[in-house]
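A short worksheet on the structure shown next.
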Amino acid sequence: VYAQDKTGGGWRYSPGQPGDTSAVGWQLMALKSGHLAYLDVPPKTIAGAINFLNLVQSDSGAKYGYTGPG
């Protein structure tokens, strides 16, 4: 949660960096695992990840870019 990019909502290789889809995918899996283990996963964190995915999608979600739409 701490390492999430506060602007775009993604993750990369250093805390606060703008995200990329591979790092975001792994982070979402980690957050889901934490949630299943009854850890607190803030809804704001999930909303940020959704925001990132919306920013990198194109063709109405048929395609997702690495760091931007495309």
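The values are calculated or read from the model by the stated rules, or taken from the named source; none is laboratory data. As the structure is a computational prediction, the values presented were derived from the model and not from experiment. Here the Cβ is made from the backbone with ideal geometry for all residues, glycine too, and neighbour counts use every protein chain on show. Surface accessibility is based on the protein's heavy atoms, side chains included, excluding ligands, DNA and RNA. Shrake-Rupley method; radii C 1.70, N 1.55, O 1.52, S 1.80 Å.
Which one, (i) 0.94; (ii) 0.98; (iii) 1.05, gives Rg/Rh (Cα atoms, Kirkwood Rh) as derived from the coordinates shown?
Here the calculated entry is (ii).
Specify the angular offset, from 0 to 90 degrees and rounded to the nearest 10, of the alpha carbon long axis of helix 43-56 from the longest principal axis of the alpha carbons in the chain.
The angle comes out at about 20 degrees.
Starting from the Cα of K44, draw a straight line to each of the lysines and keep only those under 18 Å, dropping any in the same chain fewer than 8 residues away.
Straight-line reach from K44, under 18 Å: K6, K32.
Can you work out the accessible area per residue across the chain, with the rest of the protein chains kept in place, probe 1.4 Å, in square angstrom? Kindly include the intermediate steps, with their values, before the conclusion.
Numbers: 4710 Å² over 70 residues.
Per residue, the chain has 67 Å² of solvent-accessible surface.
Could you calculate the FRET efficiency of T67 with K44 from 1/(1 + (r/R0)^6), where r is the beta carbon distance between them and R0 is 25 Å, rounded to 0.05?
Values: r = 22 Å, r/R0 = 0.88.
After rounding, the FRET efficiency stands at 0.70.
When only C-alpha pairs under 8 Å and at least 6 residues apart count, what is the relative contact order of the chain, in percent? Could you put the intermediate results ahead of the total?
Values: 101 pairs, mean separation 19.4, N = 70.
Relative contact order, the chain: 28 percent.
Under a 1.4 angstrom probe, counting protein chains only, how are S58, S14 ranked by accessible area, largest first?
Details: S58 25, S14 60 Å².
Heavy-atom accessible area, descending, gives S14, S58.
Could you identify which residue out of G25, G16, G34 has the top mean-square fluctuation in a GNM of the chain using Cα springs shorter than 10 Å?
Ranking G25, G16, G34 by mean-square fluctuation puts G34 first.
Can you sort W26, W11 by 1.4 Å-probe accessible area, starting with the largest? Let's see the in-between values first.
Working: W26 190, W11 5 Å².
Order by accessible area, largest first: W26, W11.
About its Cα centre, what dipole magnitude does the chain give when the only charges are +1 on Lys and Arg Cβ and -1 on Asp and Glu Cβ, stated in debye to the nearest 20? The partial results should precede the final answer.
Values: 5 positive and 4 negative charges, 9 e Å.
The dipole of the chain has a size of about 40 debye.
In what order, largest first, do V1, V41 sit by accessible area if the probe radius is 1.4 Å? Can you show the working numbers first?
On the way: V1 80, V41 30 Å².
So, going from the largest accessible area down, we get V1, V41.
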